[in-house]
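Following: one structure in structure tokens, then a few remarks.
Nothing in this text is a laboratory measurement; each read-out follows from the coordinates by a stated rule. Because the structure is predicted, anything quoted here is derived from the model rather than measured. Heads up, the Cβs are rebuilt from the backbone with ideal geometry, glycines too, and the neighbour counts pull from every protein chain shown.
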Amino acid sequence: MNKLLLFISLVGTISAKDVSHEWESFLQEKYTPEVKTADSYRNYTTEAPESVQQFYHDNHINQTLAFVLKKKATYSSLDKAQMSIWDVMDYLDSLVDESDPDLGLPQSIHAYQTAEALRKDGHPRWLILTGFIHDLGKVLAKFGEPQWAVVGDIYPVGCKPHKKVVYSEYFADNPDSDSPLYHSKYGIYKPGCGFRNVHFSWGHDHYLYTVLKDHLPEQALYIIRYHSFYAAHREGAYTYLMDDYDKEMIKWLTLFSQYDLYSKDPESFDVAFLRPYYEELVAEFLPETLRW
Ligand SMILES: [Fe+2]
Ligand SMILES: [Fe+2]
């Protein structure tokens, strides 16, 4: 048992941050071609850390359509806090400090790494900003949401889960599986209705989209809203719910995921040196504070 699992079993619980880091490390390995073979793809569900498997069990049995609609109603009012981007970034870093800093990168380092990798490749400023802020919806943890409603992969609810959704076997214990409608291929949706007309499992993607939807270009909002939808942008699933807009926009998810997953190298950044650049970038697109 590794140090993290030992810690988890002793404490009996894990924070959203811990699972987030474990899951993202797992995704990074799963989708890095040079370290994965065809065999390891077939076996990946048993290779993931126990905490990730437990996390997905909790996620898949609890994310019902009713649960998602309730969370959307709770958070669409954006009346939980008035905070700047920097307030949220600092909060997410403090989550790591409160547990064990060796368990994962502080959220701000992932933010800087993703953004700097995009900047190095000459991408436009709105995309660099997207890389910098894309995970800030994890502030949901501050509002008391359980880890399975903050981090991890997202997928449509109200229709049958696609086999390409990670750990899809766990959906058997989701109450929506007993509904003939919710368990049919299209469920409550029409073929080709477009992802924007589909309800997704609740997490940090849709929440941050809600916070920023009046402020950023549509491509940035699309990335933020669906960046955890790996079944679609990495596995090619759910094409039957896409419309022409999704077929055009999904390329941004594919591009972005390269930077989200593969920029987590040990290279350290002089955050104090970089911060003025990002302060200017944030101020270019976003107001001083936002409603959360
Ligand atoms: Fe994310
Ligand atoms: Fe990320």
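The stretch between ARG125 and SER94, if pulled fully straight at 0.36 nm per residue, gains 8.4 nm over its current Cα-Cα span. Spin-label model, GLU235 to GLN53: label points 7 Å out along the Cα-to-beta-carbon direction sit 1.7 nm apart.
A cut-off of 5 Å between modelled amide H atoms, ignoring neighbours fewer than 5 places along the same chain, links SER84 with LEU290.
Sorting VAL68, VAL165 from the fewest to the most surrounding beta carbons within 10 angstrom yields VAL68, VAL165.
Roughly speaking, what % of Cα-Cα pairs in the range 239-292 are separated by over 14 Å, rounded to a whole number? Cα-Cα pairs of the range 239-292 separated by over 14 Å account for 74 percent. A 30 angstrom limit on the alpha carbon distance is what I want to check against. Which of LYS71/LYS185; LYS142/LYS163; LYS142/LYS251; LYS80/LYS163; LYS160/LYS251 exceed it? LYS142/LYS163; LYS142/LYS251; LYS80/LYS163, as the Cα separations exceed 30 Å there. Summarising the label geometry, the points placed 7 Å from Cα in the beta-carbon direction at GLU279 and ASP79 lie 3.4 nm from one another.
Ordering of 249-261, 196-208 by packing is 196-208, 249-261, highest average first (other Cβ atoms within 10 Å, averaged per residue).
Label separation (ASP87 vs HIS183): 4.5 nm, computed from points 7 Å beyond Cα along the C-beta direction. Be a star and scan the range 125-143 for residues whose amide nitrogen sits under 19 Å from the point 7 Å along the Cα-to-Cβ vector of THR289. Taking a point 7 Å out along Cα→Cβ of THR289, the residues of the range 125-143 whose backbone N falls under 19 Å are 137, 139-140, 142-143. Ordered by the count of other Cβ atoms within 10 Å of each Cβ, fewest first, TYR230, TYR262 give TYR262, TYR230.
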